[in-house]
Amino acid sequence: MHNVFQFLTQCDEAKTEDRFLSAFHDLISLLGFNFYRVVRRDAEDLTFTGKVLAEHLPAGWTEAYHAKKYGNIDPVKRTLGLLHRPFRCRDVVGLLPQATQRKRAAKLFQDAARFGLREGYAFPVHGRSGLLGGVFILGDGRLFSGPELSIVDTAMRTAFWRLLEFSGQSEELLSMPDLSVTQLTRRELDVLTLLAQGKTSPDIGKSLAISSHTVDWYINGIQRKFDARNRQHVVALALRHGIIS
């Protein structure tokens, strides 16, 4: 992890974005990864498409990702707003509520591997306004221990804020309204995800093997947590908070 501490020193010394990105690229390579993506969340971004601050991805991957509409089921996007700690991308497939979604996610990772994206970690960045953005490192990669991941997380957060400073967007992001994430149970998240897909209470109940009355009970509970006016408002707030995508 000596390389990480060296990078943190270089962050302060880098006077231009090009010099900073050169140091960042070197760090990613020394960690065993080949590619990266740094994205900030826009105030009105409901799907966390995000605004790219820096990116180095294999040729053709972005086009393939959008062509196959992987953004609709990408478990990494769905999880970014839920977790305040870094995570291995493959480890969050099980959070998808439906077997068909998990199957599609498995296909996503298979296609990604063909582009050289065999391993990856996501580093969510949160602030007082909730999810602010994220850093993704991808490629051949390696597995990090818990303490190693915490150290790398510090470097990724530092990289995120330095890139914001270079782009002149840090003040704008800090002034975003409070969108802090409300804690939901796993079952509430399952219900909310299906509700956002336009399913009715009976449909959700059938998918989750519970009664429609139980579904209504969960939705009413989520509505109280969000202080939402109705179901549509619940979904809109959940999307904006990054809880679902």
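The values are calculated or read from the model by the stated rules, or taken from the named source; none is laboratory data. These numbers were taken from a predicted model, which means no experiment stands behind them. With ideal geometry, Cβ positions are generated from the backbone for all residues, glycine too; neighbour counts draw on all protein chains shown. Just the protein is used for accessible areas: all its heavy atoms, side chains included, with ligands, DNA and RNA removed. Shrake-Rupley method; radii C 1.70, N 1.55, O 1.52, S 1.80 Å.
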>> Given a 10 angstrom Cα cut-off, can you work out which residue in 159, 113, 59 is the most mobile in a GNM of the chain?
In response: 59
> In the chain, how many lysine pairs have Cα atoms under 24 Å apart, counting only pairs 8 or more places apart or on different chains?
Replying inline: 19
> For segment 184-200, what does the Karplus curve 6.51 cos²θ - 1.76 cosθ + 1.60, with θ = phi - 60°, yield as ³J(HN,Hα) per residue in whole Hz, taken in order and with x for Gly and Pro?
Replying inline: 10, 6, 4, 5, 4, 5, 4, 4, 4, 4, 5, 4, 5, 7, x, 7, 7
> Excluding residue 23 itself, what net charge comes from residues whose Cβ is under 15 Å from its Cβ, given Lys and Arg +1 and Asp and Glu -1?
Replying inline: -3
>> If each DSSP helix of 4+ residues adds -39,500 (n - 2.57) and the sum is divided by the residues in the chain, what number results at 222 nm, nearest 500 deg cm²/dmol?
In response: -16000 deg cm²/dmol
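Roughly speaking, to the nearest percent, how much of the chain's 1.4 Å accessible area is carbon and sulfur? Walk me through the numbers on the way to the answer.
Numbers: 6100 of 11820 Å².
Carbon and sulfur: 52 percent of the exposed surface of the chain.
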> Under 5 Å between amide H atoms, partner at least 5 residues away or on a different chain: which partners does residue 54 have, H built in plane at 1.01 Å?
Replying inline: 38
> ³J(HN,Hα) across segment 136-142 via Karplus (A = 6.51, B = -1.76, C = 1.60, θ = phi - 60°), whole Hz, x for Gly/Pro?
Replying inline: 10, 10, 9, x, 5, x, 7
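Which whole-number percent gives the relative contact order of the chain, counting Cα pairs below 8 Å spaced six or more residues apart?
Numbers: 342 pairs, mean separation 57.8, N = 245.
Computed value for the chain: 24 percent relative contact order.
Using the Cβ atoms and a cut-off under 15 Å, what net charge is assigned to the surroundings of residue 151, where Lys and Arg are +1 and Asp and Glu are -1?
Working: positive: 85, 142, 157; negative: 148, 153.
Charge balance near residue 151 sits at +1.
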>> Principal axis extents for the chain, Cα atoms only, whole Å, descending order, please.
In response: 59, 40, 34
> Around residue 132, what is the net charge, scoring Lys/Arg as +1 and Asp/Glu as -1 over all other residues with Cβ under 9 Å from its Cβ?
Replying inline: +2
>> Normalised radius of gyration for segment 11-149, please: alpha carbon Rg relative to 2.2 N^0.38 Å, two decimal places.
In response: 1.05
> With every protein chain present, what accessible area does residue 62 have (1.4 Å probe, heavy atoms only), rounded to the nearest 10 Å²?
Replying inline: 50
